[in-house]
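A.B. asks: Just dropping this structure here.
The values are calculated or read from the model by the stated rules, or taken from the named source; none is laboratory data. Note that the coordinates shown come from a computational prediction; the quantities given were computed from them, not determined experimentally. Glycine also receives a Cβ, built like all others from the backbone with ideal geometry; neighbour counts cover every protein chain displayed.
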Amino acid sequence: MSSIRVKGVRKSFGELEVLRGVDLEVNSGEVLCIVGPSGSGKSTLLRCMNLLVIPDEGQIFLDDVALTDPRIRPEWVRQNIGMVFQSFNLFTHLTVKRNVMLALRHVKRMNRAKAEKVAVSQLTRVGLADKLNAYPAQLSGGQQQRVAIARALAMDPKAILFDEPTSALDPESIHEVLAVMSRIGQEGMTMAVVTHEMGFAKEVADRVVFFDAGRVVEEGTPDEIFERAGHERTQAFMKKILR
Amino acid sequence: MTGGSSPASTLSPGSPEVRRRDWKTRLRGGAKKVFVWKIWSHVVYGGAAVVGGILFLLELGYLGVYHLSFALGALHSFLAIHPLQGFLLSLEVVGVILPVGFGLGFLVGWARTTRFVILRGLGSVFVDFFRSMPPIALIFFFALITGLELRGSGIDPYTAQTLIMWMGVVALALHTAAYQAEIMRAGILSVPAGQTDAADALGISRMRAMFVVVLPQAFRLSLPALGNEFSSSIKDTSLLNVIGWMELGGVSLALAANSIEYSHYLAGSLVVWIEAAFLYFVVTYIATRTVRGVEDLFKVPGLEVAKS
Ligand SMILES: Nc1ncnc2c1ncn2[C@@H]1O[C@H](COP(=O)(O)OP(=O)(O)O)[C@@H](O)[C@H]1O
Ligand SMILES: [Mg+2]
């Protein structure tokens with residue numbers, strides 16, 4: 001696994017300054033949870049980490065490689081840092097198995113048999129061995145998100161970014177997705193997770209950062225952030241969510 | 001992480017696979033790929049191109065002879081016409097208009113969704129022009145401009161006439177291409193942004209994602225509208241007789257006019273047009289059925305267009 005370091009990253013969309021100098025580190029094998037109000041720039045921060053959004057200023061490192069170096073191919077970055085979206089974004093026209101195989105075939109250039117083997121083993125890992133030939137529309141939200149996780153895992157990434165992976169799910173599905181994520185975290189994957197699931201953050205996260213208005217306000221262990229936050233803004237936010 | 005163990009970290013800033021490949025390696029890799037691709041596809045595509053080319057040449061010669069017998073022939077040749085002859089000619093014209101219109105429409109529609117301003121601009125000019133013109137005016141423009149260009153060029157009248165008539169067919173192909181471009185553009189744009197996000201996030205290049213993620217979905221979403229446009233386009237060929245084509249519409253007009261020689265002029269005309277309508281129905285029916293068949297063939301849960 002690898003570490004991701006974010007140094008002084010700034011990003012504006014037109015007049016709107018969304019990231020105002022972010023410093024953040026996800027250590028190798030660590031699960032970092034990012035919490036904060038909506039619109040504070042959490043998604044933009046995650047999208048900077050795999051260059052879906054190019055920062056205006058600052059640097060991002062995957063281990064020692066500066067991803068923000070213009071000589072780096074964005075495709076290389078993305079095949080090494082997985083991402084799981086709030087809305088799953090499975091390829092609608094492909095079966096579950098082919099969803100997982102697509103990037104293996106076209107990015108990793110595996111032959112069909114090898115890609116199929118990897119896809120089946122990853123789908124088994126997230127408990128969907130019986131859904132290989134189903135289409136995304138035939139699955140529940142929780143199942144779709146687990147396919148999305150398997151699709152990211154299959155690329156053998158050095159880290160995975162999760163952007164509110166359970167925000168679009170019903171309580172039962174939330175539970176099954178979080179269970180899969182916990183297991184991956186415990187197996188040593190480097191993970192940055194934007195989430196409002198405080199239970200998950202408390203149990204699985206090594207560290208939590210509170211993010212607001214384009215900056216890291218405070219960071220610490222889950223206990224420190226949830227129970228003994230130093231900042232007023234963090235306290236106010238926690239009060240609202242933990243209510 | 002997956003499939004066993006991977007080294008803790010094998011990255012170093014200088015290792016070649018980390019770097020952006022320069023254009024030379026890209027070209028070399030690309031050329032190799034193209035070559036490998038060619039091995040199996042050459043036979044198929046090359047064969048199809050040769051056969052298509054021969055058919056096209058034969059077609060031109062045949063049409064020339066065919067046309068001559070009408071355009072330069074005496075009135076009595078009209079009496080010898082059977083609607084089926086016109087029908088065959090209509091089929092030939094449709095056989096040119098549909099593939100050309102589809103191919104061009106696809107390219108223009110795609111061009112209008114790219115981020116290249118020049119391509120987008122050219123695409124919109126094309127669509128705006130050919131979509132806002134009645135097909136009959138386009139046919140006349142193309143034919144008349146060709147006629148004026150050829151005047152005094154010393155080209156023999158027969159070849160000139162053939163060229164003029166084919167320019168009318170080109171006009172119809174461009175007209176339907178403009179409509180199909182809009183259908184294709186709408187199809188591409190209706191694929192949710194999340195789909196390309198996911199492809200990006202997996203390291204799939206933009207171009208490849210277009211082919212393996214966006215177009216397969218856009219194509220499915222466009223099919224019903226394409227079927228509709230195909231049937232319009234088939235029926236638009238009935239305008240071609242205004243520049244001398246003796247296709248189904250032209251033949252029917254001539255036969256209907258000739259029925260004046262019979263005692264029941266109106267009934268005679270009616271029979272001719274019922275026959276024409278039936279033949280048009282057959283072609284459009286086959287075309288729309290085929291599109292529906294393709295729709296069913298590629299049907300996927302979650303990508304259905306609302307059933308009628
Ligand atoms: N591509 C974009 N173009 C313009 N504005 C954007 C874009 N992406 C995000 N924003 C804006 O940036 C702000 C932060 O968005 P986001 O990163 O999604 O916040 P969060 O994930 O914390 O809710 C919002 O005001 C949003 O409207
Ligand atoms: Mg967000």
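A.B. asks: Take the residues of region A:14-33 that are assigned to a strand (DSSP E or B) and more than 25 Å from A:LYS158 (Cβ to Cβ): which is farthest from ligand 2 (Cβ to nearest atom)?
C.D. replies: Let us first name the residues in region A:14-33 that are assigned to a strand (DSSP E or B), namely A:16-26, A:31-33.
With more than 25 Å from A:LYS158 (Cβ to Cβ) added as a condition, the list becomes A:16-18, A:20-21.
Numbers: A:LEU16: 15, A:GLU17: 17, A:VAL18: 11, A:ARG20: 17, A:GLY21: 19 Å.
Ranking the candidates gives A:GLY21 first.
A.B. asks: Moving on to the next point. So which residues in region A:82-106 are in a helix (DSSP H, G or I) and facing another protein chain (nearest Cβ under 8 Å), if there are any at all?
C.D. replies: A:LEU102, A:ALA103, A:HIS106, listed by residue number.
A.B. asks: Taking region A:34-54 as the region of interest, how many residues are more than 14 Å from ligand 2 (Cβ to nearest atom) and either under 15 Å from A:ALA159 (Cα atoms) or buried (at least 21 other Cβ atoms within 10 Å of the Cβ) (or both)?
C.D. replies: 2
A.B. asks: State whether the residues of region A:71-90 include one that is at pLDDT below 95 and touching a strand residue (DSSP E or B) at 6+ places or on another chain (Cβ under 6 Å).
C.D. replies: Within region A:71-90, one or more residues are at pLDDT below 95 and touching a strand residue (DSSP E or B) at 6+ places or on another chain (Cβ under 6 Å).
A.B. asks: Before we move on, is B:GLY194 part of a helix (DSSP H, G or I) and more than 14 Å from every other protein chain (Cβ to nearest Cβ)?
C.D. replies: Answer is no for this residue.
A.B. asks: Considering only residues of region A:188-207 that are touching a Gly at 6+ places or on another chain (Cβ under 9 Å) and more than 15 Å from ligand 1 (Cβ to nearest atom), which is farthest from A:GLU164 (Cα to Cα)?
C.D. replies: Applying the filter and picking the extreme gives A:GLY188.
A.B. asks: Still on this structure, please answer the following. Which ones in region A:128-160 are part of a loop (DSSP other than H, G, I, E, B), within 19 Å of A:PRO171 (Cα to Cα) and not aliphatic (A, V, I, L, M)?
C.D. replies: Within region A:128-160, A:SER140 is the sole residue that qualifies.
A.B. asks: Another one. May I ask you to verify whether A:ALA115 is hydrophobic (A, V, I, L, M, F, W, C), away from ligand 2 (no atom under 16 Å from the Cβ), within 15 Å of A:MET191 (Cα to Cα) and at pLDDT 95 or above?
C.D. replies: Details: hydrophobic (A, V, I, L, M, F, W, C): yes; away from ligand 2 (no atom under 16 Å from the Cβ): yes; within 15 Å of A:MET191 (Cα to Cα): no; at pLDDT 95 or above: yes.
Here the answer is no, as A:ALA115 does not meet what is asked.
A.B. asks: Could I ask something else about it? What pairs come up if the first residue lies in region A:38-53 and is touching a residue at least 24 places away in the same chain (Cβ under 8 Å) and closer than 15 Å to A:ILE160 by Cα, the second is in a helix (DSSP H, G or I) and more than 13 Å from ligand 2 (Cβ to nearest atom), and their beta carbons are under 6 Å apart, counting only those six or more places apart or on different chains?
C.D. replies: These pairs meet every condition: A:ASN50/A:VAL77; A:ASN50/A:ARG78; A:LEU51/A:PRO74; A:LEU51/A:VAL77; A:LEU52/B:ASP200.
A.B. asks: Restricting attention to region B:206-222, which residues are hydrophobic (A, V, I, L, M, F, W, C) and facing chain A (nearest Cβ under 7 Å)? Before the answer, list the steps.
C.D. replies: We begin by selecting, within region B:206-222, every residue hydrophobic (A, V, I, L, M, F, W, C); these are B:207, B:209-215, B:218-219, B:221.
The answer is B:VAL212, B:VAL213.
A.B. asks: Identify the single condition in (1) within 8 Å of chain B (Cβ to nearest Cβ); (2) closer than 17 Å to A:VAL9 by Cβ; (3) in a loop (DSSP other than H, G, I, E, B) that A:VAL53 does not satisfy, given that it satisfies every other one.
C.D. replies: (1)
A.B. asks: From the list B:LEU174, B:LEU215, B:LEU148, which residue is under 27 Å from B:MET246 (Cβ atoms) and in contact with a Gly (Cβ under 9 Å, 6 or more places away or on another chain)?
C.D. replies: Step by step, each of B:LEU174, B:LEU215, B:LEU148 is checked, and only B:LEU174 is under 27 Å from B:MET246 (Cβ atoms) and in contact with a Gly (Cβ under 9 Å, 6 or more places away or on another chain).
A.B. asks: Take region B:126-170 and flag every residue that is more than 29 Å from B:ALA181 (Cα to Cα) and either among the aliphatic types (A, V, I, L, M) or assigned to a loop (DSSP other than H, G, I, E, B) (or both).
C.D. replies: B:LEU148, B:LEU150, B:ARG151, B:GLY152, B:SER153, B:GLY154, B:ILE155, B:ASP156, B:ALA160
A.B. asks: In region A:178-243, which helices (runs of 4 or more DSSP H) lie fully inside it and hold 1 or more residues that are under 23 Å from A:GLY127 (Cα atoms)? Break it down stepwise before answering.
C.D. replies: Values: elements: A:198-204, A:222-227, A:232-242.
Qualifying helices (runs of 4 or more DSSP H): A:198-204.
A.B. asks: Sticking with this structure for a sec: Just one of (1) assigned to a helix (DSSP H, G or I); (2) within 16 Å of ligand 2 (Cβ to nearest atom); (3) in contact with a Pro (Cβ under 9 Å, 6 or more places away or on another chain); (4) within 11 Å of another protein chain (Cβ to nearest Cβ) trips up A:GLN79, so point out which.
C.D. replies: (2)
A.B. asks: I'd like the full set of residues that are buried (at least 18 other Cβ atoms within 10 Å of the Cβ) and either within 16 Å of ligand 2 (Cβ to nearest atom) or in contact (Cβ under 8 Å) with a residue 40 or more places away in the chain (or both), limited to region A:55-68.
C.D. replies: A:PRO55, A:ILE60, A:PHE61, A:LEU62, A:ASP63
A.B. asks: Ok, one more. Select, from A:LEU94, A:LEU128, A:LEU132, A:LEU153, the only residue that is hydrophobic (A, V, I, L, M, F, W, C) and in contact with a Gly (Cβ under 9 Å, 6 or more places away or on another chain). Show your work before the answer.
C.D. replies: On the way: A:LEU94 fails: in contact with a Gly (Cβ under 9 Å, 6 or more places away or on another chain); A:LEU128 fails: in contact with a Gly (Cβ under 9 Å, 6 or more places away or on another chain); A:LEU132 fails: in contact with a Gly (Cβ under 9 Å, 6 or more places away or on another chain).
A:LEU153 is the lone residue from the list that is hydrophobic (A, V, I, L, M, F, W, C) and in contact with a Gly (Cβ under 9 Å, 6 or more places away or on another chain).
A.B. asks: Of everything in region A:15-37, what is without any contact (Cβ under 8 Å) to a residue 60 or more places away in the chain and either near ligand 1 (Cβ under 9 Å from one of its atoms) or in contact with a helix residue (DSSP H, G or I) (Cβ under 9 Å, 6 or more places away or on another chain) (or both)? Give them in sequence order.
C.D. replies: A:LEU16
A.B. asks: Another question, if that's okay. Taking the condition of a type outside the set (Ser, Thr, Tyr) and within 13 Å of ligand 2 (Cβ to nearest atom), does A:LYS11 pass? Outline the logic, then answer.
C.D. replies: Values: of a type outside the set (Ser, Thr, Tyr): yes; within 13 Å of ligand 2 (Cβ to nearest atom): no.
Here the answer is no, as A:LYS11 does not meet what is asked.
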